[in-house]
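Structure first, then comments.
The values are calculated or read from the model by the stated rules, or taken from the named source; none is laboratory data. These numbers were taken from a predicted model, which means no experiment stands behind them. No Cβ is skipped: glycine too gets one built from the backbone with ideal geometry, and neighbour counts run over all protein chains shown. Keep in mind that these areas ignore ligands, DNA and RNA; they rest on the heavy atoms of the full protein, side chains included. Shrake-Rupley method; radii C 1.70, N 1.55, O 1.52, S 1.80 Å.
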There are 4 protein chains.
Amino acid sequence: MSNHREVIEHIYQTIKSIDNIGKVAKYIPDLAKVAPSKFGVAYRSIENEEYGIGDWQTKLSIQSISKVLSLSLAYRLLGEDIWARVGVEPSGNAFNSLVQLETDNGIPRNPFINGGAMVICDMLVSHLENPKADFLEYVRDISSCNEISYSASTAKSEEEVGYRNKALCNFIKSFGNIENSPDEVLDFYFHMCSIEMTCQELTKTFSFLAFSNFKTHNGDQVLNLSQTKRLNALMQTCGFYDESGEFAFKVGLPGKSGVGGGIIALHPEKYCLAVWSPRLNEKGNSHRGMKFLESFTTETKLSIF
Amino acid sequence: MSNHREVIEHIYQTIKSIDNIGKVAKYIPDLAKVAPSKFGVAYRSIENEEYGIGDWQTKLSIQSISKVLSLSLAYRLLGEDIWARVGVEPSGNAFNSLVQLETDNGIPRNPFINGGAMVICDMLVSHLENPKADFLEYVRDISSCNEISYSASTAKSEEEVGYRNKALCNFIKSFGNIENSPDEVLDFYFHMCSIEMTCQELTKTFSFLAFSNFKTHNGDQVLNLSQTKRLNALMQTCGFYDESGEFAFKVGLPGKSGVGGGIIALHPEKYCLAVWSPRLNEKGNSHRGMKFLESFTTETKLSIF
Amino acid sequence: MSNHREVIEHIYQTIKSIDNIGKVAKYIPDLAKVAPSKFGVAYRSIENEEYGIGDWQTKLSIQSISKVLSLSLAYRLLGEDIWARVGVEPSGNAFNSLVQLETDNGIPRNPFINGGAMVICDMLVSHLENPKADFLEYVRDISSCNEISYSASTAKSEEEVGYRNKALCNFIKSFGNIENSPDEVLDFYFHMCSIEMTCQELTKTFSFLAFSNFKTHNGDQVLNLSQTKRLNALMQTCGFYDESGEFAFKVGLPGKSGVGGGIIALHPEKYCLAVWSPRLNEKGNSHRGMKFLESFTTETKLSIF
Amino acid sequence: MSNHREVIEHIYQTIKSIDNIGKVAKYIPDLAKVAPSKFGVAYRSIENEEYGIGDWQTKLSIQSISKVLSLSLAYRLLGEDIWARVGVEPSGNAFNSLVQLETDNGIPRNPFINGGAMVICDMLVSHLENPKADFLEYVRDISSCNEISYSASTAKSEEEVGYRNKALCNFIKSFGNIENSPDEVLDFYFHMCSIEMTCQELTKTFSFLAFSNFKTHNGDQVLNLSQTKRLNALMQTCGFYDESGEFAFKVGLPGKSGVGGGIIALHPEKYCLAVWSPRLNEKGNSHRGMKFLESFTTETKLSIF
């Protein structure tokens, strides 16, 4: 850890001193308001030591990172049955997503592309009594962070401009792979994506995937070992849109990014690392976040490969 | 190791006793002649202990597994420059490959789809004095196995029916991403894919990727640590066609399959495992090979995730 | 005409006596209720002679045939400006429609594919004071048939199962090529498609495209000569989904079909011909209707080619 | 005719006086040598009156226009059987051609896209004793022009850079829809496209499609009436790549263009019109040629619609 701490500090300062390029996500009006200079890193080891630097205790909109959490809840509740309705393959690229839905009869490629996440949301809407409240409770439970909440304004902001997501949800519905009304599913989906956390909270929340000995404050295991490994594999192959291969190649860790500029990455049985910087590269991943993680595994010479 | 040995024996016998389903690759006349009942497994640990069962010392046509070897030689010779001409992203699915070449201006998605492997072959044809002889020498060198050879009849057999590969190579040439004549590149490509090895030889050959302390008989390191990790990451995300996600999900190891029914998989710093059974599932990967590896990481509770 | 009358009667009886194959459109519950044995033909010459046989005076749901009418109204009101938002090219096939919207930035290929018709509907929603009432009045006006109406139950039926159309409209909206709310546009679209006419009324309604000397009961010309020719050309190249080429090839007349089993075809300056038979071939066009028209132009040895 | 003559002269002078924009085809080195200022028009009526202006008696490389001629020969020799191996539908756009071949199992969309023309060439290679000599004789025969020849240098020039066409031919071969060796088929294809004619010769050559009373100097009818109408319909729907709809819309005549800058258009039973100007618009059709024909049907107020 002490070594990791120094590496983090060194890389953080190096990256902070160079150009902060890329663009803050603008398609959701609410996200466009964030200060582009925000930059934070939080680290948590399997020994539960933690370290943070920069804006690591400021809330960010975790966006797509949340898709791992909704998936984990559906997996916990419904087991392997969920894979009948959503695949586990990388999608190739954004461009093909609608064609693939057509050729694959409405079965999205994986649970991290928007369509796949909507199918998972649909399962939760069918299964949970109060989907939004129950999901939030689950996230607070596994993280032991009661201050985690939805952002009503972000959810509303996404709903207002979310024509492409509405198109996607209705398209999947037309194949029969959405059980509930698209409006209901989308409402849950937009809220799920609006969750706000700090980097510190992200490392707490994702400890259940990083550490096989993890237990919630109630002594519960969230997922079994096989399920945990499988979610990590999914993050590895599909977690970064069409930059997933590049991330595996350069960083070599399972992880997930969001258009809010957050990235969570983890080295199983070793550590959990959250980075936040709002400017995105052309693939939609945090520019500084990617740089930070690449430097981190390069300097520590540790990756899962 | 002793534990691994028992697990291998147990799983081998279990799988041998159940139905041997799937189809032997028929599109290359020469491959169709192999006895579908062949089944072998070879294991090699970082301590250089080895173990084998069944047809582990019978030659098989390694086919696409060879793409990792040609890539490793190009990477060794030309370094990071190779990535300007071929990507590192999963391709999504077979169906899109030609569209993707069109939208990506002739830059194949990754070096393991046929088009990507041809671009790598083109680099070697440009760089090596005697491409076929030099490549074979490289493979013999890293494996310390002098009995490894091309199968002239398999190469000829592939050439005779390889219209789709000819289409692909000419298509990439039309974008300017093949330097040499398509005929010359394809001749090298078909020979490269025709290499024959035993499972035992496969584990020896891939030790340079599995074990960071690996040295050839001359004391050479084949690739540096960063390069090794990157090739492993590539195998993880792109090694099994459109079943790569499934393999990461169920097996959780970097690996590579070939239509001859062989699969190589490796757990970095732990072991190297080769399986061979010619009947393929509908995605073109060895049916028994996939089952074997899934059972192995499940029973040993060890994967990179 | 007398000759045409005999040919029609002869072909009608021949086709009636052979198997009535194909399937009635089932995806809209309301359409599935129609008796599959319905079969009617109406003919109208430039000299205003008319002739009908079978169910030529029974109402049918004209469905996509209506897209020619909404297009003609938009063309009349807005002139050549409409082509900035919708193309005039055949779409190739159904399969590509969403990809094409993506590559073409939300500009549908032509006004007869669903997306194109929605863009036209959006123009009318923006331009008309009471879109549904005004459009119906226009149709009654050009046909001099005051009994033409929407079917509220068909419109409702389509709305309830129209997830793919909702997907399409929201998708185009996401590119900015729909000005109004998707719900408003779709409500107009579903009503427009629900119009019911008899074959006789269809020939009256389409006389403005068939005969350059046509005037409404008020003495108005609906479109000028250039506009008329252009709509006929569009029907010729895009009027029959991915069977448009086949229709041009075998029938050789401009025309438009609907999933209700109706087809309108016209020989400029000669005649207008409406056929109705609900069973559809695999491309979604009336099986008997296509056969009838092919036989008609073959026996009369007259087509525009 | 006298009226047509005046219209042609007037439009020719008008277009000659305005900017000559667009680009001469450069991908075939031999075509790039043509003077961009060439501009000629030839007209021939059903009464066999002819008129020409500008470079109407200078040879041009007719390129894809030749596909109509090879198709007509295959149609004459093999009848309706040819449609089992090639479709009659517009292809949508260039971009999709390879995907469509994949989804359509190697059956090209129509005989005017390159793949479709190659399948037709393959039929002729199988059927003719001396394909190149026999085809040329056929063209000379129907045109009564013995000075029509292949350009050996253009054929060679195309062969040398024709990687995309080689890709296409091998791709179709991989589906089994090419019987002969791709090299043999491509040699015939490149020669076929290299035919050189003057505008005057083009109107003579295409008279068999324009005039139903046409007979060759031997008194033969080239195709029967139904076949003639069908080829005209095909030219109408598929003759101008992805500008076919636009051509139908603005010009309203069956026709065919080539990248050499030539266009043939015809009004059945009225006239045949050839235009040549080497600068192409972005869709690959002669810029001035398209303008000329649009103006011609607009001013004469005559089109098939």
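Using only Cα atoms, find the angle between the long axis of helix D:66-78 and the longest principal axis of chain D, and express it within 0 to 90 degrees, rounded to the nearest 10.
60
Any idea what the A:LYS156 label distances to the other copies are, label 7 Å down the Cα→Cβ vector, nm, shortest first?
Counterpart label points of A:LYS156 in the remaining copies fall at 3.4, 7.5, 7.7 nm.
Shielding by partners for A:293-302, please: the mean number of other protein chain Cβ atoms within 10 Å of each residue's Cβ.
Mean inter-chain Cβ contacts per residue within 10 Å come to 1.
Using the Karplus curve 6.51 cos²θ - 1.76 cosθ + 1.60 with θ = phi - 60°, what ³J(HN,Hα) values do you get for each residue of the range B:50-62, in whole Hz, with x for Gly and Pro?
The phi angles translate into 10, 8, x, 8, x, 7, 7, 10, 9, 5, 10, 7, 7 Hz.
Give me the net charge for the shell around C:LYS26: Cβ to Cβ below 12 angstrom, other residues only, Lys and Arg +1, Asp and Glu -1.
In short, +2.
Assign one of three labels to the range A:177-304, namely rounded, prolate or oblate, based on the Cα gyration tensor with a ≥ b ≥ c the square roots of its eigenvalues; rounded applies when a/c is under 1.5, prolate when it is not and a/b is larger than b/c, and oblate otherwise.
Here the range A:177-304 falls in the oblate category.
Calculate the dipole size of the protein assembly as shown relative to its Cα centre from +1 charges on Lys and Arg beta carbons and -1 charges on Asp and Glu beta carbons; express the result in debye to the nearest 20.
Around 0 debye, computed over the protein assembly as shown.
What do you get for chymotrypsin sites (Phe, Trp or Tyr not before Pro) in the range A:7-61 restricted to DSSP loop and a cutoff of at most 16 other Cβ within 10 Å of the site's Cβ?
Filter output for the range A:7-61: A:TYR27.
As a test of reading the structure, rank C:THR14, C:THR228 by solvent-accessible area (1.4 Å probe, protein chains only), most first.
Result of the area sort, largest leading: C:THR14, C:THR228.
Hey, what does the equivalent ellipsoid look like for the protein assembly as shown, semi-axes from the Cα gyration tensor as sqrt of 5 times each eigenvalue, largest first, whole Å?
Each semi-axis is √(5λ); the values are 58, 39, 27 Å.
How would A:MET290, B:MET118 line up by accessible area, probe 1.4 Å, largest first?
Largest to smallest exposure gives the sequence A:MET290, B:MET118.
Run through the range B:18-105 and list the GluC sites (Glu not before Pro) located in a DSSP loop whose Cβ has at most 14 other Cβ atoms within 10 Å.
B:GLU47, B:GLU49
Quick one: dipole size for the range A:1-155, taken about the Cα centre, charges +1 on Lys/Arg Cβ and -1 on Asp/Glu Cβ, in debye to the nearest 20.
With Lys and Arg at +1 and Asp and Glu at -1, about 540 debye.
Report the normalised scattering of the range B:1-54 as log10 I(q)/I(0) at q = 0.17, 0.18, 0.26 Å⁻¹, calculated by the Debye formula with identical scatterers on the alpha carbons.
Result of the Debye calculation: -0.68, -0.73, -0.99.
Among C:LEU231, C:PHE249, C:ASN281, pick out the residue whose Cα is farthest towards the positive end of the charge dipole of the range C:210-305, where Lys and Arg carry +1 and Asp and Glu carry -1 on C-beta, about the Cα centre.
C:LEU231
List the GluC sites (Glu not before Pro) in the range A:276-305 that DSSP assigns to loop (not H, G, I, E or B) and whose Cβ has at most 14 other Cβ atoms within 10 Å. Which are they?
A:GLU282
Leaving out ligands, DNA and RNA but keeping every protein chain, what accessible area does B:ILE82 have, in Å² rounded to the nearest 10, with a 1.4 Å probe?
Here the residue's solvent-accessible area equals roughly 0 Å².
Compute the longest continuous run of chain C that contains no exposed trypsin sites (Lys or Arg not before Pro); treat a site as exposed when its DSSP state is not H, G, I, E or B and it has at most 13 other Cβ atoms within 10 Å.
Here the longest segment lacking exposed loop sites spans C:27-214.
What ³J(HN,Hα) values, in whole Hz, does the Karplus curve 6.51 cos²θ - 1.76 cosθ + 1.60 give for the range B:174-184 when θ = phi - 60°, with x put for Gly and Pro?
Along the range B:174-184, the couplings run 5, 8, x, 9, 10, 8, 8, 5, x, 4, 5 Hz.
Determine the order of B:SER37, A:SER295, D:SER70 by accessible area, beginning with the largest, at a probe radius of 1.4 Å.
Result, largest first: B:SER37, A:SER295, D:SER70.
Could you tell me the largest-minus-smallest coordinate of the C-alpha atoms of the range C:151-228 on each of the three principal axes, in descending order and whole angstroms?
42, 30, 18
Sort shortest first the distances from C:GLU50 to its counterpart in every other copy, using label points 7 Å along the Cα-to-beta-carbon line, and give them in nm.
5.0, 8.0, 9.0
In whole Å, how far is the Cα centre of the range A:31-106 from that of the range B:101-134?
Their Cα centres are 34 Å away from one another.
Taking Rh as the Kirkwood radius computed over C-alpha pairs, what is the Stokes-Einstein D of the range D:264-304 at 10 °C in a medium of viscosity 1.306 mPa s, expressed in µm² per second?
Translational D for this selection: 146 µm²/s.
May I ask you to derive the relative contact order of chain B, considering only C-alpha pairs under 8 Å and at least 6 residues apart, and to give it as an integer percent?
So the answer I get is 28 percent.
Which whole number gives the average, over all residues in B:241-253, of C-beta atoms from other chains lying within 10 Å of the residue C-beta?
Going residue by residue through B:241-253 and averaging, the value is 6.
Please compute, for peptide C:231-240, the average count of beta-carbon atoms on other protein chains lying within 10 Å of each residue's beta-carbon.
5
Sequence gap at least 6, Cα distance under 8 Å: using those rules, report the relative contact order of the range D:213-286 to the nearest whole percent.
21
Can you list residues whose amide H is under 5 Å from B:SER149's amide H, if they're 5+ apart or on another chain and H is modeled 1.01 Å from N?
Residues meeting the criterion, in which the H sits 1.01 Å from N, are B:GLU196.
Rounded to the nearest angstrom and ordered from largest down, what semi-axes does the equivalent ellipsoid of the range D:1-148 get from its C-alpha gyration tensor (root of 5λ)?
They are 32, 22, 16 Å, listed largest first.
State, as an integer percentage, the relative contact order of the range D:152-305 based on alpha-carbon contacts under 8 Å between residues 6 or more apart.
17
Given just the C-alpha atoms of chain B, how large is their convex hull per residue in cubic angstrom?
Taking only Cα atoms, chain B has a hull volume of 114 Å³ per residue.
When the Cα centres of the range D:135-156 and the range C:216-266 are compared, how far apart do they sit, in Å?
39
Tell me the per residue accessible area of the range B:118-188 using a 1.4 Å probe; a whole number in Å² is fine.
40
Answer with one residue from C:HIS217, C:PRO131, C:PRO111: the one whose Cα lies farthest towards the positive end of the charge dipole of the range C:111-234, charges on Cβ with Lys, Arg +1 and Asp, Glu -1.
Working it through, the farthest residue towards the positive pole turns out to be C:PRO111.
May I ask you to report, in nm to one decimal and beginning with the shortest, the distances from D:ARG5 to the same position in the other copies, taking label points 7 Å along Cα-to-Cβ?
For D:ARG5, the other copies' label points sit at 4.6, 10.0, 10.3 nm, shortest first.
Which Cα, out of C:ILE8, C:PRO90, C:SER45, lies furthest along the positive dipole direction of the range C:1-127 (beta carbon charges, K/R +1, D/E -1)?
Selected residue: C:ILE8.
Is there a quick way to get the dipole size of the range C:90-222? I mean about its Cα centre, with the Cβ of Lys and Arg at +1 and of Asp and Glu at -1; what is the value in debye to the nearest 20?
Once rounded to the nearest 20, the dipole reads 360 debye.
At 222 nm, what helix-only mean residue ellipticity would chain C give, in deg cm²/dmol to the nearest 500, using -39500 (n - 2.57) for each DSSP H run of four or more?
Helix-only estimate at 222 nm: -14000 deg cm²/dmol.
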